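Contents: one structure, followed by commentary.
Values in this text are rule-based calculations from the coordinates and carry no lab data. Source: prediction; values computed, not measured. So basically every Cβ, Gly included, is an ideal-geometry build from the backbone, and we count neighbours across all protein chains shown.
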Amino acid sequence: MPQSMTREAALRIGLAAKELDDVSVSGLVQALAAKLGLPLTETRLSGLSVTDLREILAGDHAEENCHVGVEPERLKRAVRLLWGDTVVGSALPLLDAYTEGDMPASIRVACASNQAEMLDGHFGSCEQFLIYQVSPSEIRLLDRRSTLEADYAEDRNASRAQLISDCQVLYVQSMGGPAAAKVVRAGVHPVKILKPAQSREILRRLQTTLLRPPPWLAKVMGVKAESLEKFAESLEEG
C-alpha cells in the first residue's frame, strides 16, 4: 500500500474498483502505482485515460484480479471516477467550511458510507466515513475519510476506529461486537441505523436532541443533561 496516497486519491480508487466489479482494490492500487508512479495523487489520477486503464487491466497485474473483460462504458465510468467526476450515483459531496468554535453546542459525528451522503455502510466494510459537525441549528460536512489505507493495517477495526477518533458519535448500518468495543475505546459512541438513509436525515433527528440531550448523549458531549438549557432559551429568544 503506497503510504503517501492522499485520502481523496484513495477514495477515487475505491469507487473505481467498485465500478469494475471483479477488480480488487489492492490490485488496482498496485497497478496504478506501477503505471503512474508514486505518490498516487489526484493530479496523477486525473491524467489517466481509458486506454491507460485498459492496458493496466490487461497487464502484469492480472493475478491481482485486474481483468480485461470490462465493458467499454464501465471502463469510461471508472476512469471518470478516478478523475473525481460525479458519475454513477457516487458523487463526492462538497465539503463545508469550518473553523473550530464556529458552531456552539455542537458535536462531531461520523457516518459509515459507500456512496454520496448515504448512511449505508457496515463499519468493517464501508468505503468511507463522512465527518459532520452538528449543532442545534446547522449541519456541516467537514471531511470524507477513505478506509482504503486502514484495510492494510494489521488490525483493521482498530485502524478504522482511529480514523474517527476525533468524533463523539458514529452512525453505522451494522457492526460486530469486537469492532464496537474498539470504537468505544477510541472514545466514540456507536449507534446502529438498520436501514440505509440519507446521512443528513438522520443527523436532523439528532439535532432535535442536542439542546436537552438524553443521558447517553449528555455523557458523550461531556455535559450535564440540563446544562444546555440556557443556550436553548437564547436561541428561542433570538
Roughly how many nanometres apart are two label points built 7 Å out from the Cα toward the Cβ at Lys195 and Val223? 3.1
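Mind scanning Lys182/Lys224; Lys18/Lys182; Lys76/Lys195; Lys35/Lys76 and naming the pairs with a C-alpha gap bigger than 21 Å? Intermediate values should be presented prior to the final figure.
Details: Lys182/Lys224 25 Å; Lys18/Lys182 27 Å; Lys76/Lys195 31 Å; Lys35/Lys76 18 Å.
The pairs that break the limit, which is 21 Å between Cα atoms, are Lys182/Lys224; Lys18/Lys182; Lys76/Lys195.
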Between the modelled labels at Glu154 and Ser137 (7 Å from Cα along Cα→Cβ) the distance in nm is 4.9
Label zone at Thr209, where the point sits 7 Å out along the Cα-to-Cβ direction: the stretch 111-127 residues whose backbone N lies under 16 Å: 111
Less than 19 Å from a label point 7 Å out along the Cα-to-Cβ axis of Ser24: which backbone N atoms in the stretch 148-169 qualify, by residue? 148-157
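If you place +1 on the Cβ of every Lys and Arg and -1 on the Cβ of every Asp and Glu, how big does the dipole about the Cα centre of the stretch 107-237 come out, in debye to the nearest 20? Display every interim value, and only then the final one.
Values: 17 positive and 16 negative charges, 61 e Å.
Its charge dipole is roughly 300 debye.
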